[in-house]
Amino acid sequence: MSMKISRRQVLLSGLGVMGSLSVNSLSAFASENDNTIFQRNGFAIDGYDTVAYFTQNDAIAGNADFIAQYKGANWIFASAENRDKFISTPEKYAPQYEGYCAYAAAQGSVAKIEPDQWKIVEGKLYLNYNFLIKVRWEASQDDFIKDGNAKWPTVRPGIKTGRPL
């Protein structure tokens with residue numbers, strides 16, 4: 001955790017140029033997996049429990065003892081109860097835009113996420129690249145959600161091929 005705090009402090013102090021940050025600097029290549037879910041370290045949402053965002057209002061790391069597969073990705077959970085909730089209705093708990101950054105999706109691109117940069121809007125989980133991008137996204141989140149929903153169907157096929165978008 002101190003690593004993330006330290007990194008955030010560096011970002012906040014060193015990115016006074018937020019206005020010039022473009023989505024091109026956020027672009028990410030898709031994982032080499034044969035699916036479209038964003039995975040890092042072998043797990044969806046970088047190993048965080050997607051159900052906990054909804055039930056505990058917090059980003060909580062999962063435990064590999066509680067694992068499920070969905071859309072070709074490994075999802076881990078903090079408890080068997082959370083795993084079972086996910087298994088019964090994965091579409092309710094899975095993040096929007098296959099777990100990629102909501103801001104980037106609105107720009108017609110993809111970017112990795114930081115699991116602690118999230119928000120639930122109308123019962124849907126949105127993840128973002130970092131703290132500063134989340135702040136930018138929240139300032140016009142309704143417009144960004146509308147744009148992301150419109151652009152995602154054209155972005156999604158490129159992820160599976162592993163091509164940069």
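Worth pointing out:
- Residues that are within 16 Å of F38 (Cα to Cα), modelled with pLDDT under 95, β-branched (V, I, T) and surrounded by 20 or more Cβ atoms within 10 Å (Cβ to Cβ) occur at least once in segment 99-111.
- Count of residues meeting criterion [surrounded by fewer than 20 Cβ atoms within 10 Å (Cβ to Cβ) and in a loop (DSSP other than H, G, I, E, B)] in segment 113-125: 2
- Matching residues, segment 49-70, being part of a loop (DSSP other than H, G, I, E, B) and either touching a Gly at 6+ places or on another chain (Cβ under 9 Å) or surrounded by 16 or more Cβ atoms within 10 Å (Cβ to Cβ) (or both): D49, A59, I60, G62
- Residue satisfying all of: in segment 78-92; farther than 18 Å from K124 by Cα and of a type outside the set (D, E, K, R); surrounded by the most Cβ atoms within 10 Å (Cβ to Cβ) among these: A78
- Criterion applied to P164, P153 was being out of contact with any strand residue (DSSP E or B) (no Cβ under 7 Å at 6 or more places or on another chain), in a loop (DSSP other than H, G, I, E, B) and either more than 21 Å from Q56 (Cα to Cα) or at pLDDT 95 or above (or both), and the one residue passing it is P164.
- Among the residues of segment 35-61, those that are of a type in the set (S, T, Y) and within 17 Å of K92 (Cα to Cα) comprise Y48, T50, Y53, T55.
Per-residue answers, yes or no, for (1) closer than 20 Å to D46 by Cα; (2) part of a helix (DSSP H, G or I):
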| residue | (1), (2) |
| --- | --- |
| I87 | yes, yes |
| E98 | yes, yes |
| L127 | yes, no |
| F144 | no, yes |
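The values are calculated or read from the model by the stated rules, or taken from the named source; none is laboratory data. None of the values given here were measured: they were computed from a predicted structure. Cβ coordinates were reconstructed from backbone atoms using ideal geometry, including for glycine residues, and neighbour counts include every protein chain displayed.
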